[in-house]
Each structure stands twice: as C-alpha cells, then as structure tokens.
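What follows is a set of notes on a single structure, which appears directly below.
Bear in mind these aren't lab numbers, they're just calculated from the coordinates by the rules spelled out. Being a predicted model, the structure only gives us computed values, none of them experimental. Because the Cβ atoms are built from the backbone with ideal geometry, glycine has one as well, and the counts that use them run over all protein chains shown.
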Amino acid sequence: MEKTITNKLRFETKLSILASVAKVVLEKVYKSFPSSSKESTEALKVETLGIPTLTSSSEQKVKRDRSKLSKINVLRSINLTVEDGELMVLVGPSGCGKSTLLRVIAGLEELTGGNIWIGDRLVNNLLPKERDLAMVFQNYALYPHLRVYDNIAFGLRRMEIGRWGKGEMEKNISSSTPSWIENLLVGMTRSLPLGWRYLSQKEKFIARRVGEVSKLLQIDTLLDRFPKQLSGGQKQRVALGRAIARNPQAFLMDEPLSNLDAQLRTETRTQIVKLQRQLGTTTIYVTHDRTEAMTMGDRIAVMDRGQIQQIAPPLEIYNRPANRFVAEFIGSPPMNFIEVRVKTPLLINHALFSLTLPQTWAKFLEPYEGRSLLLGIRPEHLSISSPAPQNLPVQVDLVEALGNDTYISVSLRESPDSCLQARITPELVLQAGESIWLSMASDKIHLFEPETGRAIWQS
C-alpha cells in the first residue's frame with residue numbers, strides 16, 4: 001500500500017515585509033575576557049614580592065588576585081532598551097566594545113553577567129539559532145561555492161517548520177510524494193539552473209520568498225551568479241537579503257558598509273534606512289562612522305571603553321552632549337576646546353578674550369565661581385569677524401578648500417600649541433600665516449568640567 005505523507009506548512013501569501021518585531025532589552029550586561037598569563041604573572045610578582053612563604057590565607061588571597069588580574073572587562077554595566085521597530089546605532093572608536101556587544105546579543109560570545117531579553121524571552125542561555133535574530137557581517141560571509149539564490153535560501157532551508165508561520169494565513173499543502181524522495185530530488189537538482197530544479201512544497205515556498213526578497217533589493221537578475229561575480233555593493237545586498245528572508249525578530253548589523261567605497265557607502269546607507277523603515281524590523285547597527293550614526297539611527301548609543309556614554313536621538317547628542325568624549329566624537333571636524341575661568345554671574349575669561357554668556361547660564365555657573373572650565377565650540381559655530389574683546393585672535397595654519405566648504409586650522413596668538421578648526425564659506429580666500437579674528441556663537445557654547453569631562457548642564 002502506497003503511503004501518503006501530508007506536510008502541513010504555514011505560509012504567508014506574500015513576504016511578510018512586516019515582520020514580527022520585538023523589543024531588545026539589555027540589563028547590566030558585562031563581558032570579560034581572560035588576559036594573557038604573562039600579564040597576570042608580572043602583576044602578581046608585584047603583589048607577592050617580599051613574601052618568602054605563603055600561608056593558607058595568603059594563598060587564597062593570591063588566588064583571588066590572580067582571578068581578578070586574569071580578566072579584562074570589555075563591557076561594563078550596559079543598560080540599553082531598543083524599542084519595537086527602532087533602528088538603534090551603536091557608535092564609538094575602535095576597541096570600545098560595540099562589536100563585542102552585538103556578538104553577545106547574537107549569542108556568539110558568552111555573557112559574563114546581566115540579562116538579555118528579546119521580546120518576552122530571556123535568551124541568556126539560548127543558542128544563536130534559537131534567538132530568532134539575523135546578523136549581517138562586515139565581510140558579507142557569503143558561501144563562495146553557492147549561487148546568490150542558494151546563499152539567500154540557506155537560512156530558510158535550516159529553519160524549523162514551526163517557525164515559518166508568522167503570517168495570519170495558512171495553506172495546507174498535501175503531497176503524494178514521500179518526503180525522503182522529495183529531499184533526494186531537491187539535493188540532486190540543486191546545482192542546476194533555477195528552471196531545471198525540482199521544487200518540493202518547502203522549496204516552492206523558499207523560491208517565492210527568495211524571489212520577493214531579491215526584487216525588494218533589486219538583485220533578482222543576479223540569482224544565478226556566484227559571489228565572485230558580484231561587486232561589493234551587490235554582495236552586501238545579498239547578505240542583507242539572506243537576513244531579511246528569515247523574517248527575524250531583529251537584525252544585527254556589524255559595520256556592513258565599511259568595505260565599500262565612499263559613493264557606494266552613501267547609496268547603500270540610504271537603501272538600508274529605507275528598507276528598515278519599510279520592514280519595520282528592530283535593528284541594532286554598529287559603526288565607527290559618525291556620519292552613518294547621525295543619518296541612520298532613530299537613536300544613537302555612544303560607547304567608549306566598554307561603557308555607554310549617552311543614548312539619545314542624533315540631534316540631541318549633537319546639541320547636548322553628555323560629556324567631553326561625546327562632544328568630541330560626534331561631529332566632523334570635532335569640537336574645539338579652550339580652557340577658561342568663570343566669573344559669575346555670566347562672564348568667562350581667557351588671557352586673550354572675555355565673553356558674556358546668555359542669561360540661561362546663570363544658575364549653572366554659580367557653583368563654578370573662580371574655577372577653570374573647558375569651553376567647547378564646534379567649527380561651524382565660529383565665524384570670521386572684526387577685532388573685539390569677546391573674539392579670538394588667531395593665526396591661520398592650514399586651509400582645506402573642499403568646494404562647498406572651507407575648513408581652516410588655526411592657533412591662538414601667543415599660544416601656538418593651541419589648535420582650533422573653523423568652517424567658513426568657500427567665498428572667503430585665506431592663506432596660511434594670515435592673522436584673523438574669530439567670533440563664537442554665544443548660544444552654541446558648551447562647558448565641561450576639566451576633571452570629569454561632564455557637561456555642565458548635566459550637573
């Protein structure tokens with residue numbers, strides 16, 4: 001008697017461009033790596049120097065010290081909430097821990113402490129494949145021996161059947177062919193061109209999903225090519241397509257544009273933003289590029305030395321940085337800093353200028369009477385002016401004419417080691433060595449504590 005095996009698969013009538021999104025919550029996340037044994041040994045020599053023999057209690061102390069010294073904390077007390085459908089950008093210099101944090105969320109690195117929630121699930125102990133996340137890597141991570149079609153379909157073929165039914169519609173598809181025969185035919189014909197392949201019911205669903213994703217990313221004409229036949233931008237879109245096809249709860253993107261040239265990076269950046277808004281999928285995007293962070297994110301988390309320095313929308317980070325690091329890192333060229341002394345209620349003094357601040361500063365400056373502070377001013381908030389007590393007398397050191405803008409590097413007179421940058425209109429022609437005066441927009445001034453780097457408005 002011929003056996004009939006009925007496979008009941010849940011299908012969507014079209015690609016769920018509108019994925020099941022999920023909030024991602026990090027609670028006091030820590031990540032430590034072991035340091036080299038040489039570093040630990042050298043450090044312990046200092047601790048145990050002069051101890052001829054170790055008592056039992058001393059041995060325990062050395063063991064505790066060795067345990068402490070053998071760990072390097074690369075992430076410390078990370079608290080972050082990424083809302084449903086939000087595009088959160090993690091930005092910071094190399095080595096700040098942003099990629100490590102992404103890998104911890106993905107489950108590729110073991111969590112040292114804290115909790116990670118994806119939706120309503122605590123995922124600390126779940127394997128990467130069980131977290132329902134899709135990651136796009138910096139180096140694309142495409143399989144060189146597979147065509148574009150199979151690269152996109154790769155993750156779909158390994159998904160559990162129960163996870164395919166994210167849509168509201170169901171189709172019960174019956175097949176009279178035993179599943180083992182279907183799998184055999186699929187495997188035997190997989191290397192053939194698309195039109196010659198045998199498609200099981202599952203493969204028909206995959207074909208439909210791959211077709212929809214490829215049209216969305218405008219790579220539907222590239223499905224028969226191998227990765228070596230693609231440009232950098234096309235490879236990146238294939239990597240995105242593989243992530244989108246799985247319809248995950250969240251996307252994790254680790255500097256996906258860093259290998260592209262400047263023009264292609266700008267084009268692909270725009271495409272990713274449009275795509276994320278169209279899909280509505282929660283996305284965590286890692287970059288070291290300030291421009292990417294400012295133009296892409298709904299919110300930005302600025303990281304330094306394993307800690308989040310500030311989380312806010314792009315313009316808030318730009319206009320109200322929490323500390324000197326954020327102020328200097330966000331913005332290109334970076335913010336200028338000058339040490340000044342406060343004389344209440346509103347006067348700040350420097351050897352070369354004195355400036356009266358707007359009345360709104362009065363209550364913030366009261367505790368700093370007679371103290372030194374760092375004045376921060378962005379290059380675009382400096383302008384060429386005439387001599388005046390509140391203006392900066394400077395000498396031009398370098399002129400960089402870009403066509404649409406001109407950047408000048410200047411130093412304060414009588415202080416050649418001080419280096420400032422200003423952005424001026426391209427119509428103004430200056431020469432290195434020329435002496436000029438710069439005025440500061442008083443409503444764009446920032447003040448920071450020299451010891452802590454904290455912005456005064458945060459005090």
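Observations on the model:
- Taking amide H atoms as placed 1.01 Å from N in the peptide plane, the amide H of residue 75 lies under 5 Å from those of 31, each 5 or more residues away in sequence or on another chain.
- Put simply, the amide H of residue 135, placed in the peptide plane, has neighbours under 5 Å in 252, leaving out anything fewer than 5 places away on its chain.
- Integer Hz, Karplus 6.51/-1.76/1.60 couplings in order for segment 315-332, x for Gly and Pro: 5, 5, 4, 5, 8, 9, x, 6, 7, 5, 4, 4, 4, 7, 7, 8, x, 9
- Environment charge of residue 444, counting only residues whose C-beta is closer than 12 Å and scoring Lys/Arg +1, Asp/Glu -1: 0
- In segment 333-458, taking the dipole from charged Cβ atoms about the Cα centre, the farthest positive-side position among 392, 436, 347 is held by 347.
- Distant-in-sequence amide contacts of residue 397, defined by a placed amide H-H separation under 5 Å and a gap of 5 or more residues or a different chain, comprise 409, 410, 411, 433.
- Segment 298-376 shape via C-alpha gyration tensor axes, a/c threshold 1.5: prolate
- Table column - 3J(HN,Hα) (Hz), segment 295-310, Karplus curve with 6.51, -1.76, 1.60, x for Gly and Pro: 8, 9, x, 5, 9, 10, 10, 8, 10, 8, 6, x, 10, 7, 8, 6
- Neighbours of residue 79 by Cβ distance under 11 Å: Lys/Arg scored +1, Asp/Glu scored -1, total +1.
- Greater than 23 Å apart at Cα, pairs in 202/228; 23/274; 215/235: 202/228
- Two-decimal log10 I(q)/I(0) for segment 333-458, as the Debye equation yields it once each C-alpha is a single scatterer, q = 0.12, 0.17, 0.21, 0.23 Å⁻¹: -0.45, -0.86, -1.21, -1.39
- Taking θ as phi - 60° and the Karplus parameters 6.51, -1.76 and 1.60, the scalar couplings of segment 141-157 work out to 6, 8, 7, x, 8, 10, 5, 4, 3, 6, 5, 5, 7, 4, x, 5, 5 Hz in sequence order, x denoting glycine and proline.
- Counting Lys and Arg as +1 and Asp and Glu as -1 over every other residue whose Cβ lies under 11 Å from the Cβ of residue 314, the net charge comes to -1.
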